[in-house]
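Engineer: This structure is in structure tokens; I'll ask about it shortly.
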Amino acid sequence: MSFLAGRTILIVQRQWIVAHKLAAGFEAAGARILLANNARTGRAAAHHADLAAAVLDGQSQQLWPILKGEGIPFLIYTGRSPFNNVYAGVPIVEKPARTEEVLETVRGLLQDSVRRPTYH
């Protein structure tokens, strides 16, 4: 059974073809997908009770505080340079990348979040 099976993943991508290619990969791994084409439409999904992780485009910085506040791990899937200070401390997968690379990065984020204790 896949580590992603039954998990809900938010994908925020402006490019329809990229979003659907990622969604197909996650669904094949057993994940449930929430799709949004920008941060504004992704805001409600970021509060989804079952959300396990998110894959965001480079224009979705306004979702970061929401996801961090909910304890939801996320990565940025972007064609922008990873050396941009805006992304400091956030995992990045640079476009174009194989869908499997994005899935593996999310798996790693989920495994890290399971191992890391949460203190309130």
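The values are calculated or read from the model by the stated rules, or taken from the named source; none is laboratory data. Just so it is clear, the model here is predicted, and its values are computed rather than measured. Here Cβ is always computed from backbone atoms with ideal geometry, including for glycine, and neighbour counts include all displayed protein chains.
Engineer: Tell me whether the stretch 38-49 contains one or more residues that are buried (at least 19 other Cβ atoms within 10 Å of the Cβ) and polar (S, T, N, Q).
Structural biologist: no
Engineer: For the stretch 19-58, which positions are within 14 Å of the chain's Cα centre (by Cα), assigned to a helix (DSSP H, G or I) and farther than 14 Å from Leu103 by Cβ?
Structural biologist: Within the stretch 19-58, Ala19, His20, Ala39, Gly42, Arg43, Ala45, Ala46 qualify.
Engineer: Ok, one more. Among the numbered criteria (1) part of a loop (DSSP other than H, G, I, E, B); (2) in contact with a Gly (Cβ under 7 Å, 6 or more places away or on another chain); (3) not charged (D, E, K, R), which one does Leu63 miss?
Structural biologist: Failed condition: (1).
Engineer: Looking at Ala28, Ala19, Ala23, can you tell me which residue is small (Gly, Ala, Ser), surrounded by fewer than 18 Cβ atoms within 10 Å (Cβ to Cβ), modelled with pLDDT of 90 or more and farther than 16 Å from Pro91 by Cβ?
Structural biologist: Ala28
Engineer: Would you check if there is a residue in the stretch 74-90 being in contact with a Phe, Trp or Tyr (Cβ under 8 Å, 6 or more places away or on another chain), assigned to a helix (DSSP H, G or I), in contact (Cβ under 8 Å) with a residue 24 or more places away in the chain and on the phi < 0 side of the Ramachandran plot?
Structural biologist: Within the stretch 74-90, not a single residue is in contact with a Phe, Trp or Tyr (Cβ under 8 Å, 6 or more places away or on another chain), assigned to a helix (DSSP H, G or I), in contact (Cβ under 8 Å) with a residue 24 or more places away in the chain and on the phi < 0 side of the Ramachandran plot.
Engineer: Surrounded by 19 or more Cβ atoms within 10 Å (Cβ to Cβ), touching a Pro at 6+ places or on another chain (Cβ under 9 Å), among the aliphatic types (A, V, I, L, M) and modelled with pLDDT of 90 or more: does that describe Ala53?
Structural biologist: When the stated conditions are applied, Ala53 passes them.
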